[in-house]
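These notes are about the structure you will find just below.
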Amino acid sequence: MITLVTGATSGIGEATAKAFAGLGHNLIVTGRRNDRLQKLKKELEALNVEVLTLNFDVRNRKEVETTLKSLPDKWQEVDILVNNAGLAAGKEPIMNGNPDDWEQMIDTNIKGLLYVSRTVLPLMCARRKGHIINICSIAGKEVYAEGGVYCASKAAVDFLSKSMRIDALPYGIKITNVCPGAVETEFSMVRFKGDTQKAAATYKGFKPLTAKDVAQTIIYCSTLPPHVNINDLVLMPTAQANATTFFRSE
Ligand code: NDP
Ligand code: 8X3
């Protein structure tokens, strides 16, 4: 089995790559930080699987197309694609928002996911076999204050999962939309641009999900019998009821 995970240099993507390696899958791992990709490659190879690292920015359409359309023959039969690369940039009301942040989120979370899927899905359709797992978010199901563009970008992922499922139906391809609540990764450090206090406050007073929790859920979705698909899955910390309601101990 070959699994391709975008954004595998940290957080959910890294944990997911490791979880699939634990199942014996060969891994294609991508990200912009090549030093981290090389470190991950060594860790995965120690689990006796083969690893191909691809160092590109999902926002760069040409780079995505050139890299993924020239996969070595033995890596072309991608069984599972985890569209995970993504981010939130900033947390501001729309009237104060930074359009550069908006573009980064839209270009990464929506357009990047589309560029990668556009190259990998035809390979799956040709083989009439495959599973795409799109990492959406609770933010794709509900909106919250100061998160408008991130929420909109993830709502687009939700709708793309629904429409991909229709388009891929005749080819027997599974499409799963996975929507986590709060997961403690580098996500908040990225969102708050290195402000450790704001990042830490996000998870204060409750136990958030770990990247491994999400990875295990992805493994569950990917190991069901061929006739069973999880279309849409929302997973939350027990201390989180919805996008905005948390039970914090202090
Ligand atoms: P991390 O910041 O830990 O990981 C994000 C990953 O995405 C990194 O590997 C990063 O790699 C990659 N990435 C970001 N931008 C690009 C880009 N332009 N090109 C290629 N790769 C990119 O955060 P998470 O693991 O938490 O996030 C993973 C996904 O999960 C995201 O889609 C996020 O929206 C979603 N999510 C996160 C939640 C959370 O609470 N943490 C909850 C719900 C969903 P690199 O920087 O090396 O390029
Ligand atoms: C990340 C979860 O609630 O911070 O997608 O938007 S949230």
For the range 218-230, state whether one or more residues are in contact with a Cys (Cβ under 7 Å, 6 or more places away or on another chain) and touching a residue at least 40 places away in the same chain (Cβ under 8 Å).
-> yes
Selection within the range 116-149 - within 16 Å of ligand 1 (Cβ to nearest atom) and more than 14 Å from the chain's Cα centre (by Cα) | Arg118, Thr119, Val120, Lys141, Glu142, Val143, Tyr144, Glu146, Gly147, Gly148, Val149
Check on Val58, within 22 Å of Val214 (Cα to Cα), touching a Lys or Arg at 6+ places or on another chain (Cβ under 7 Å) and modelled with pLDDT of 95 or more = no
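Kindly indicate the residue of the range 139-170 that is of a type in the set (Val, Ile, Thr) and surrounded by fewer than 21 Cβ atoms within 10 Å (Cβ to Cβ) and also nearest to Asp107 (Cα to Cα) among those meeting that condition.
Val143
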Is the range 53-76 home to any residue that is within 16 Å of ligand 2 (Cβ to nearest atom) and of a type in the set (Lys, Arg)?
-> no
With (1) part of a loop (DSSP other than H, G, I, E, B); (2) touching a residue at least 60 places away in the same chain (Cβ under 8 Å); (3) surrounded by 15 or more Cβ atoms within 10 Å (Cβ to Cβ); (4) not basic (Lys, Arg) as the list, and Asn242 as the residue in question, which single condition is left unmet?
-> (3)
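Of the residues that sit in the range 187-221 and are in a loop (DSSP other than H, G, I, E, B) and away from ligand 2 (no atom under 12 Å from the Cβ), which one is nearest to Thr9 (Cα to Cα)?
So the residue we want is Thr210.
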May I ask you to say which residue of Lys162, Lys91, Lys111 is under 15 Å from the mean Cα position of the chain (by Cα), modelled with pLDDT of 95 or more and of a type in the set (Lys, Arg)?
-> Lys111
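The values are calculated or read from the model by the stated rules, or taken from the named source; none is laboratory data. The structure displayed is predicted, hence computed values, not measured ones. Quick reminder, even Gly has a Cβ in these numbers, built from the backbone with ideal geometry, and neighbours come from all protein chains shown.
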